[in-house]
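Please read the structure below before turning to the comments.
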Amino acid sequence: MMAAPYKRILLKLSGEALMGDDSYGINRAVIGRIVSEIGEVVALGVQVAIVIGGGNIFRGVAPAAAGMDRATADYMGMLATVMNAMALSDAMKRSGLECRVQSALNLEQVAEPFIRGKALRYLEEGKVVIFGAGTGNPFFTTDTAAALRGVEMDAEVVIKATKVDGVYTADPKKDASATRYQELSFDEAIARNLQVMDATALTLCRDQNLPIIVFSIFKHGALKRVVMREDEGTLVHCN
């Protein structure tokens, strides 16, 4: 079997990816398929760290959060990411994958606290590490958390799973002539406001020379193709 070009990756999963076609919550069939895709990559010998969002859970309480203090709402969102991390961890264990959940918030009854050295050791042991609670601070997105953890974990690439199979010149759902970029520079992505990640995350990755690949988690086998550096998704990198 051909060796994967990447030894260690940081996978950014949105909470919305876990709900499939449901209005909110966690779709068991979808989470099972995602775990299967991750398992294929782990089988290649790739070390996998994951940052997960919480939009699928927070969406269900968003109406009640309207008008709420922003910091309070952000902490609620962080707790939602921990719930998703626990669900993903449970699905992984059921499929035979070893994993650990670390949280940026102190929730020791359900997750280990984030400790960089322990996380690195887990990765070296072949365990998947799932990071919950974002950065642990309000006003920062899970995109920024993915960039931060990617740098801290010495990942070679941040792989962002979305509903679209890359970055396009325009919204492909609205513009039939939209074409997918195979690659972009960070400066191009920022200047064109292409919504690859938020500006803080993009700038951090650019400054640390940490490339980003955007791909669709809903295409069967796409994660493995991305890791094998096939023509899948869009690569964003330094000039």
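Readers should treat all values here as calculations from the given coordinates under stated rules, not as data from a laboratory. For clarity, every value in this text was computed on a predicted model and none was experimentally measured. In this analysis, Cβ positions are derived from the backbone assuming ideal geometry, glycine residues included, and neighbour counts consider all displayed protein chains.
Does any residue of the stretch 9-31 turn out to be surrounded by fewer than 16 Cβ atoms within 10 Å (Cβ to Cβ), on the phi < 0 side of the Ramachandran plot and in contact with a strand residue (DSSP E or B) (Cβ under 8 Å, 6 or more places away or on another chain)?
no
Please verify whether the stretch 192-199 includes one or more residues that are in a strand (DSSP E or B) and surrounded by 13 or more Cβ atoms within 10 Å (Cβ to Cβ).
Scanning the stretch 192-199, I find no residue that is in a strand (DSSP E or B) and surrounded by 13 or more Cβ atoms within 10 Å (Cβ to Cβ), so the answer is no.
Within the stretch 75-114, restricting attention to residues that are within 18 Å of the chain's Cα centre (by Cα) and charged (D, E, K, R), which residue is farthest from residue 126 (Cα to Cα)?
For the stretch 75-114, the residue satisfying everything is 90.
Please work out if residue 36 is small (Gly, Ala, Ser) and either surrounded by 23 or more Cβ atoms within 10 Å (Cβ to Cβ) or closer than 16 Å to residue 131 by Cβ (or both).
It is false that residue 36 is small (Gly, Ala, Ser) and either surrounded by 23 or more Cβ atoms within 10 Å (Cβ to Cβ) or closer than 16 Å to residue 131 by Cβ (or both).
Give just the number: which of (1) on the phi > 0 side of the Ramachandran plot; (2) of a type outside the set (S, T, N, Q); (3) assigned to a strand (DSSP E or B) does residue 160 not satisfy?
Only one criterion in (1) on the phi > 0 side of the Ramachandran plot; (2) of a type outside the set (S, T, N, Q); (3) assigned to a strand (DSSP E or B) is unmet by residue 160, namely (1).
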